[in-house]
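A.B. asks: If you scroll down you'll find the structure; I have some questions about it.
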Amino acid sequence: MPDFGNGVQSFVLAFSALFSIVNPIGAALVFSEVTADRTHAERVLLAKRIGLYAAMTMLGALWLGAYVLEFFGVSLAALRIAGGLVVAVRAWSLLMAPEAIEARKQEQAGEATGAADDAFFPLTMPFTTGPGTISVAVALGANRPPGGVGAILPFFAGVSAAAVAVAVTVWLAYSSADRLTGLLGEARARVVSRLAAFLMLCVGTQITLGGVTDVLRPLLAGR
C-alpha cells in the first residue's frame with residue numbers, strides 16, 4: 001500500500017533543497033537585468049520556456065541520475081553519502097559567500113545573445129539549473145527509500161511534484177522579475193537566499209546521515 005506520508009515528506013525535502021540551489025528569487029533579479037532590452041511579452045514567453053526546460057532537467061536528474069551511477073557500480077549508500085555531502089557543501093558556500101555565487105550567475109546569464117534559443121542556453125543551462133542543481137537532484141533521487149513500489153512510488157511522486165513546483169516558481173518569478181526587483185531589491189533577496197541555504201544544509205546533512213545509517217546497519221547487526 002502506498003505510503004502517502006512518505007510522499008509528503010519527500011516533497012518537503014526535495015522542494016527545500018531544489019528551491020535553495022535554484023534560488024528563483026535571486027535569479028529573477030539577474031534575469032531582469034539581462035533581458036531589460038526585451039518587451040514584457042517576450043520576457044514572459046522566455047520565462048515560460050525556461051520553466052519548462054528547468055522542469056525537464058530536474059526531473060531527468062531525479063529519475064535517472066542515481067540509476068545511471070548504480071549501473072556503474074556505485075552503491076546506493078555511497079550515493080547518499082556523497083550526494084548529501086555535495087548538497088551540504090553547496091549550501092555552506094551559499095551561506096558563507098552568496099556574493100560569489102551571484103557574480104558567477106551574472107556571468108553565466110550575461111552570455112545571452114537575445115536570440116530565441118537563449119531560453120535553454122545559457123538561461124536554463126547553466127544559469128537556472130546548472131551542474132549544482134543536477135548534482136542536488138541526483139542526490140535527492142538517491143535518497144529513495146528501500147522497499148517495493150508501495151514505498152518508491154510515493155517518494156518519486158513527491159520529489160517530482162517538488163521539481164515541478166520549483167519550475168513553476170521559476171516561471172512566475174522570471175515573469176514578474178520587474179516587480180520582484182522593485183519589491184525586494186538585492187538586500188532582501190540575499191536574506192531569502194541565506195534562509196533557503198540553511199534549509200538546504202539541513203537537507204544535505206539528513207541525506208548523508210541516511211547513507212551512513214545504511215552502511216552501519218548491517219555492520220552493527222552482525223556484531
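A.B. asks: Could you list, in sequence order, the residues of segment 60-76 that are open to solvent by 20 Å² or more (accessible area, probe 1.4 Å) and not charged (D, E, K, R)?
C.D. replies: Hits for segment 60-76 are G60, W63, L64, Y67, V68, L69, F71, F72, G73, V74, S75, L76.
A.B. asks: Answer yes or no: is there a residue in segment 188-196 that is closer than 14 Å to A17 by Cβ, open to solvent by 50 Å² or more (accessible area, probe 1.4 Å) and either more than 15 Å from the chain's Cα centre (by Cα) or not polar (S, T, N, Q) (or both).
C.D. replies: Scanning segment 188-196 turns up at least one residue that is closer than 14 Å to A17 by Cβ, open to solvent by 50 Å² or more (accessible area, probe 1.4 Å) and either more than 15 Å from the chain's Cα centre (by Cα) or not polar (S, T, N, Q) (or both).
A.B. asks: Report yes if some residue within segment 96-109 is of a type in the set (G, A, S), buried (at least 18 other Cβ atoms within 10 Å of the Cβ) and either modelled with pLDDT under 70 or under 17 Å from T35 (Cβ atoms) (or both); otherwise report no.
C.D. replies: Within segment 96-109, one or more residues are of a type in the set (G, A, S), buried (at least 18 other Cβ atoms within 10 Å of the Cβ) and either modelled with pLDDT under 70 or under 17 Å from T35 (Cβ atoms) (or both).
A.B. asks: Taking L220, is it closer than 22 Å to G7 by Cα and either aliphatic (A, V, I, L, M) or more than 20 Å from the chain's Cα centre (by Cα) (or both)?
C.D. replies: Here the answer is no, as L220 does not meet what is asked.
A.B. asks: Tell me whether segment 31-45 contains one or more residues that are modelled with pLDDT of 85 or more, surrounded by 20 or more Cβ atoms within 10 Å (Cβ to Cβ) and closer than 20 Å to L199 by Cα.
C.D. replies: Checked segment 31-45: no residue is modelled with pLDDT of 85 or more, surrounded by 20 or more Cβ atoms within 10 Å (Cβ to Cβ) and closer than 20 Å to L199 by Cα.
A.B. asks: Please enumerate the residues belonging to segment 1-27 that are modelled with pLDDT of 90 or more and either more than 23 Å from L153 (Cα to Cα) or part of a loop (DSSP other than H, G, I, E, B) (or both).
C.D. replies: V22, P24
A.B. asks: I need every pair where a residue in segment 153-172 that is under 19 Å from G65 (Cα atoms) has its Cβ under 8 Å from the Cβ of a residue that is buried (at least 20 other Cβ atoms within 10 Å of the Cβ) and of a type in the set (D, E, K, R), sequence separation at least 6 or different chains.
C.D. replies: As it stands, the answer is F155/R144; F156/R144, since those pairs meet every condition given.
A.B. asks: Is it true that A41 is out of contact with any strand residue (DSSP E or B) (no Cβ under 8 Å at 6 or more places or on another chain), part of a helix (DSSP H, G or I), among the aliphatic types (A, V, I, L, M) and under 23 Å from S93 (Cα atoms)?
C.D. replies: No; evaluated as a whole, the condition is false for this residue.
A.B. asks: Run T181 past the list (1) at pLDDT below 90; (2) surrounded by fewer than 16 Cβ atoms within 10 Å (Cβ to Cβ); (3) β-branched (V, I, T) and report the number of the one that doesn't hold.
C.D. replies: (2) is the only condition that T181 fails.
A.B. asks: Does A142 fit the bill of being open to solvent by 10 Å² or more (accessible area, probe 1.4 Å), within 20 Å of the chain's Cα centre (by Cα) and under 22 Å from F11 (Cβ atoms)?
C.D. replies: So A142 does not fit the description; no.
A.B. asks: Of all the residues that make up segment 203-223, how many are in a helix (DSSP H, G or I), of a type outside the set (A, V, I, L, M) and more than 14 Å from P145 (Cβ to Cβ)? Even if it seems obvious, please write down each step before you answer.
C.D. replies: So in segment 203-223, the residues in a helix (DSSP H, G or I) come out as 203-222.
Still in the list and also of a type outside the set (A, V, I, L, M): 204-206, 208, 210-211, 213-214, 217-218, 222.
Cutting the leftovers down to more than 14 Å from P145 (Cβ to Cβ) gives us 204-205, 208, 218, 222.
Going through segment 203-223 one residue at a time, the tally reaches 5.
The values are calculated or read from the model by the stated rules, or taken from the named source; none is laboratory data. Quick caveat: nothing in here was measured; it's all calculated off a predicted structure. Reconstructed Cβ throughout: ideal geometry from the backbone, glycine too, with neighbour counts over all protein chains shown. Keep in mind that these areas ignore ligands, DNA and RNA; they rest on the heavy atoms of the full protein, side chains included. Shrake-Rupley method; radii C 1.70, N 1.55, O 1.52, S 1.80 Å.
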